[in-house]
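Asker: Pasting in a structure now, in structure tokens, and then I'll have a few things to ask.
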């Protein structure tokens, strides 16, 4: 069978490839029929040249047309919803419903439409006008954006469909998508519909391009190429750090989402007050999607006591009773087993799990480990190993001072939660623990688990390194996520007719918020 | 003589230093009397510990008190203006007037007061509230900020007085200043007054600390230390890239201003229309401050023709006639001579200059070089060597197509200018050249030279690598420059009484602009 074609410069064509790969059905461990090429550098090179040309054209295109493309793409995805769900299910084993059909697909089209609305409205670009000095600035396109999507969200974080894609396009950039090797067919189908939507709305065909895989060194070459504007990457920490090093050397922005254990602190009063509720919330959050979320609660911090012992036992029972889900791929399954081994070698004790999951697919038993605060502090680095999947580590601190030391040793995380009682008995400890946690996480939650990531303007799906590569940006949430793929462009004394629409005296659509002489306004400059 | 003391944790004390250095008077090449220590790592280590403690305290301090400190500091600087000007003049040879006394010092206190006003008002932090989901986010302090100031602005970019310093403090961070070795005495005097202003306003004494110099490897260790929030660096490209590599490996934000040749394109119609005016503007801009500006026009692009030849001759005459200024230091003088050598070895021809400048101080004759567009394209990398000082290179392109190819080969720059006539005869070429230039510069100017950098909210003193390390940020301009030293902090379902003031329903001062449910407003959330 001929390998699937890549999409370069508006044309599906055979890749220049020395090898191919096949995805697997995670429920059967059987390879799926289609072959996909591992592109040589020449494919990347051609994509970059085409993207540069498309980028130059896009800079002349109105925001309305970018928005029209994103809307048209969303509608086309909905029209083939059944096919998207089917192929994604085959490639990832994620449940058809509610996950793929009712959750992730609507979320994806919603993101595309939010991005379209943000592009049309224009406030994301923070147009700033100083009338006295006639200096004006606005965020403008960064250039071709490479998007490396993760394995766990074939739609909502997909390389040519997800949040990075939508943000990059809405900010006026062409995208070169690198499919995730676990779901290349899903990604290919998105590219088919994207190309059709580009034709429908008259955008340059090279606005969206797709390759499936490259050699590692070509990936590094891609993100650091002088023609690239920047990169969005979501995936494993080791591969991400390789790309980061290459991009950093070349001075190319790269936004990464790498790893996070998402500490959840549950204070004694909360356990006393809402024991069953919290047990249920935690078990659901940790096992949902077989735990394969960036914001999966991978570490629970408790204070020593009878209630905490009872909590660990209750979670252990829940984990044993819950069905074992299928993991996304062979590599996820082996990384999960390896991660648990690392934690145990570093001193964590098994509460339940860490056995093969049974069945025909990739799986591992729901696993709960525990370690004392003092043992954690002997080896905090190893004990923060992210175990991606249906597993979590409970850290039992002797007291609040030890809990604080545990938090002081945390790496950067996407999220951090604190559960406390409503009567106020936990408030003093909350105050003690909030400060170290706050500085180490992008999103601080009260009394709920971190797995829900609303697409809200106020969301931060980001955090200090190594959760991401820069603590000032979010990968989820519009309009903020658009600003990652932009450069600040100042116009100093530039003649009025030469200014971009966003910086002319007349507000281009009457709706764009602009910072004029220090005040946010939707009015014209008079 | 005992070496000067460093300022650590609110106390002036002797450094742990294996060696010392002395600054020189650039007008006489004589060492100045004071000795300054080259700190060992233990000084950095102690400063970091103290800064972490100060940072934790600062997070509890109201923005009003940060602002009060910045205002008090500005007033104290003004009260000792004569001393500041005197010592800076001795250390840098920059003219007392108008430069130091009438230009840079007022600019510096103005920046501090603008930063105070921004902190007090609070809009810089972009508080964002989603009432439906009860998700709220705001930019918060990043942690201890290391500031490495440059040689050429002893006040306005000084490590404990300049734009990075003011922005870092206004955003709520403590600063560890590393003095520039060419003006340690000026920096010391700022630290004296900063410490007094901290006492006056009740901020933690370790909010401002000062060391003078470290070994290179300790500088790299400093910017990548886990206790550091981030770094601001302005200086030479080679040293900056070393620091960048270290910070990048540790995932620590570092904002750099490295080098820029600031291309100025002068189109034929403009030369015909305003010949004398443009000659005057260019000569003034290039020789002002002996050319030692980050935005010095180091490259002029002309189209071949009689008028352009006449322009080069006129500039040459101006350069010869103008007095030769004193350079900031021995290293600036030797780098300037070396840079001219590099340009000449790469094919640039001498129009005038490139001889010793004469006199007792560090100097080099005002130097103008020229190269054809085709020769430039044979060696674009070498011919973009930044020659920091009173020198510039004219590139004469055969036609607009060649000029475009020249621009296509430019590295990232802080600024780019295009001069065109007012009658419209240059408009077609403007349109052709604007696009490649726009993508390669942070600030695009029309019909004026780039050396003026107004402290305006719309200013961009930034640009693509290697002008800076990230094209989305500006080092000058308030409030935008504050956002470099901040992390995005999201509060998801956090109880109302635990929210920071900026995110509570009630607008904390009635003046802070907040993005509430997609609309910028100064009103309370109802």
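Asker: Across the range B:2-40, what is the total count of residues that are at negative phi, in a loop (DSSP other than H, G, I, E, B) and surrounded by fewer than 19 Cβ atoms within 10 Å (Cβ to Cβ)?
Answerer: 13
Asker: Of B:481, B:502, which residue is under 20 Å from residue A:251 (Cβ atoms) and either modelled with pLDDT under 95 or not in a loop (DSSP other than H, G, I, E, B) (or both)?
Answerer: Every option except B:481 fails the conditions.
Asker: Name the one entry in B:59, B:136 that is surrounded by 24 or more Cβ atoms within 10 Å (Cβ to Cβ) and either in contact with a strand residue (DSSP E or B) (Cβ under 6 Å, 6 or more places away or on another chain) or within 13 Å of chain A (Cβ to nearest Cβ) (or both).
Answerer: Criteria check complete, one pass: B:136.
Asker: Is it fair to say residue B:508 is out of contact with any strand residue (DSSP E or B) (no Cβ under 6 Å at 6 or more places or on another chain), assigned to a loop (DSSP other than H, G, I, E, B) and in contact (Cβ under 8 Å) with a residue 24 or more places away in the chain?
Answerer: yes
Asker: Ok, one more. Name the residue that is surrounded by the most Cβ atoms within 10 Å (Cβ to Cβ), counting only residues in the range A:343-358 that are in contact with a helix residue (DSSP H, G or I) (Cβ under 9 Å, 6 or more places away or on another chain) and under 28 Å from residue A:91 (Cβ atoms).
Answerer: Across the range A:343-358, the extreme among qualifying residues is A:357.
Asker: What do you reckon, is residue A:151 away from chain B (no Cβ under 14 Å), surrounded by fewer than 24 Cβ atoms within 10 Å (Cβ to Cβ) and in contact with a helix residue (DSSP H, G or I) (Cβ under 9 Å, 6 or more places away or on another chain)?
Answerer: So residue A:151 fits the description; yes.
Asker: Among the strands (runs of 3 or more DSSP E) confined wholly to the range A:195-263, which include 1 or more residues that are in contact (Cβ under 8 Å) with a residue 24 or more places away in the chain, away from chain B (no Cβ under 14 Å) and crowded, with 21+ Cβ neighbours inside 10 Å?
Answerer: Result: A:208-211, A:230-234.
Asker: Could you tell me whether any residue of the range A:295-310 is within 14 Å of chain B (Cβ to nearest Cβ), in a helix (DSSP H, G or I), touching a residue at least 24 places away in the same chain (Cβ under 8 Å) and buried (at least 20 other Cβ atoms within 10 Å of the Cβ)?
Answerer: Going residue by residue through the range A:295-310, those that are within 14 Å of chain B (Cβ to nearest Cβ) are A:295, A:297.
Imposing the further condition that a residue be in a helix (DSSP H, G or I) reduces the set to none.
Checked against the condition, which is being within 14 Å of chain B (Cβ to nearest Cβ), in a helix (DSSP H, G or I), touching a residue at least 24 places away in the same chain (Cβ under 8 Å) and buried (at least 20 other Cβ atoms within 10 Å of the Cβ), the range A:295-310 yields no hits at all.
Asker: Sort out which residues of the range B:461-472 are surrounded by fewer than 24 Cβ atoms within 10 Å (Cβ to Cβ) and within 12 Å of the chain's Cα centre (by Cα), and write them in order of number.
Answerer: none
Asker: Something else now. Would you be able to say whether some residue in the range B:170-185 is in a helix (DSSP H, G or I), crowded, with 24+ Cβ neighbours inside 10 Å, in contact with a strand residue (DSSP E or B) (Cβ under 6 Å, 6 or more places away or on another chain) and touching a residue at least 24 places away in the same chain (Cβ under 8 Å)?
Answerer: Yes; the residues of the range B:170-185 include at least one that is in a helix (DSSP H, G or I), crowded, with 24+ Cβ neighbours inside 10 Å, in contact with a strand residue (DSSP E or B) (Cβ under 6 Å, 6 or more places away or on another chain) and touching a residue at least 24 places away in the same chain (Cβ under 8 Å).
Asker: Another question, then. Any idea which residue in the range B:424-443 is farthest from residue A:52 (Cα to Cα), counting only those that are in contact with a strand residue (DSSP E or B) (Cβ under 9 Å, 6 or more places away or on another chain) and more than 9 Å from every other protein chain (Cβ to nearest Cβ)? Let's see the steps before the verdict.
Answerer: To start, the set of residues in the range B:424-443 that are in contact with a strand residue (DSSP E or B) (Cβ under 9 Å, 6 or more places away or on another chain) comprises B:426, B:429-430, B:433-434, B:437-443.
Restricting the remaining residues to those that are more than 9 Å from every other protein chain (Cβ to nearest Cβ) gives B:426, B:429, B:433, B:437, B:440.
Numbers: B:426: 26, B:429: 21, B:433: 16, B:437: 15, B:440: 14 Å.
Only one residue tops the list, namely B:426.
Asker: So which residues in the range A:444-469 are assigned to a loop (DSSP other than H, G, I, E, B) and more than 7 Å from every other protein chain (Cβ to nearest Cβ), if there are any at all?
Answerer: A:449, A:450, A:451, A:452, A:453, A:455, A:461, A:463, A:467
Asker: Look through B:198, B:189 and report the one residue that is modelled with pLDDT of 95 or more and touching a strand residue (DSSP E or B) at 6+ places or on another chain (Cβ under 7 Å). Full working, then the answer.
Answerer: Values: B:189 fails: touching a strand residue (DSSP E or B) at 6+ places or on another chain (Cβ under 7 Å).
Going through B:198, B:189 in turn, just one is modelled with pLDDT of 95 or more and touching a strand residue (DSSP E or B) at 6+ places or on another chain (Cβ under 7 Å): B:198.
Asker: Can I ask one more? Considering every residue within the range A:82-105, establish whether at least one is within 14 Å of chain B (Cβ to nearest Cβ) and either modelled with pLDDT of 95 or more or out of contact with any strand residue (DSSP E or B) (no Cβ under 6 Å at 6 or more places or on another chain) (or both).
Answerer: So far as the range A:82-105 goes, no, none of its residues is within 14 Å of chain B (Cβ to nearest Cβ) and either modelled with pLDDT of 95 or more or out of contact with any strand residue (DSSP E or B) (no Cβ under 6 Å at 6 or more places or on another chain) (or both).
Asker: Hey, does the range A:514-523 have a residue that's more than 9 Å from chain B (Cβ to nearest Cβ), over 20 Å from residue B:478 (Cα atoms), more than 15 Å from the chain's Cα centre (by Cα) and surrounded by fewer than 23 Cβ atoms within 10 Å (Cβ to Cβ)? Don't jump to the end; show me each part of the working.
Answerer: First, the residues of the range A:514-523 that are more than 9 Å from chain B (Cβ to nearest Cβ): A:514, A:516, A:523.
Remaining after also requiring over 20 Å from residue B:478 (Cα atoms): A:523.
Those left that are additionally more than 15 Å from the chain's Cα centre (by Cα): A:523.
With surrounded by fewer than 23 Cβ atoms within 10 Å (Cβ to Cβ) added as a condition, the list becomes A:523.
Checking the range A:514-523: at least one residue is more than 9 Å from chain B (Cβ to nearest Cβ), over 20 Å from residue B:478 (Cα atoms), more than 15 Å from the chain's Cα centre (by Cα) and surrounded by fewer than 23 Cβ atoms within 10 Å (Cβ to Cβ).
Asker: Okay, next question. Can you name the condition, by its number, that residue A:110 falls short on among (1) surrounded by fewer than 22 Cβ atoms within 10 Å (Cβ to Cβ); (2) more than 14 Å from chain B (Cβ to nearest Cβ)?
Answerer: Here residue A:110 clears every test but (2).
Asker: Report, by residue number, each residue of the range B:473-511 that is surrounded by fewer than 20 Cβ atoms within 10 Å (Cβ to Cβ) and more than 8 Å from chain A (Cβ to nearest Cβ).
Answerer: B:496, B:497, B:499, B:500, B:501, B:504, B:505, B:506, B:508, B:509, B:510, B:511
Asker: Is it fair to say residue A:397 is under 30 Å from residue B:52 (Cβ atoms) and more than 14 Å from chain B (Cβ to nearest Cβ)?
Answerer: Against the criterion (under 30 Å from residue B:52 (Cβ atoms) and more than 14 Å from chain B (Cβ to nearest Cβ)), residue A:397 qualifies.
The values are calculated or read from the model by the stated rules, or taken from the named source; none is laboratory data. Please read these numbers as outputs of a predicted model, since none were measured by experiment. When we count neighbours, we look across all protein chains shown, and the Cβ atoms used for this are built from the backbone with ideal geometry, even at glycine.
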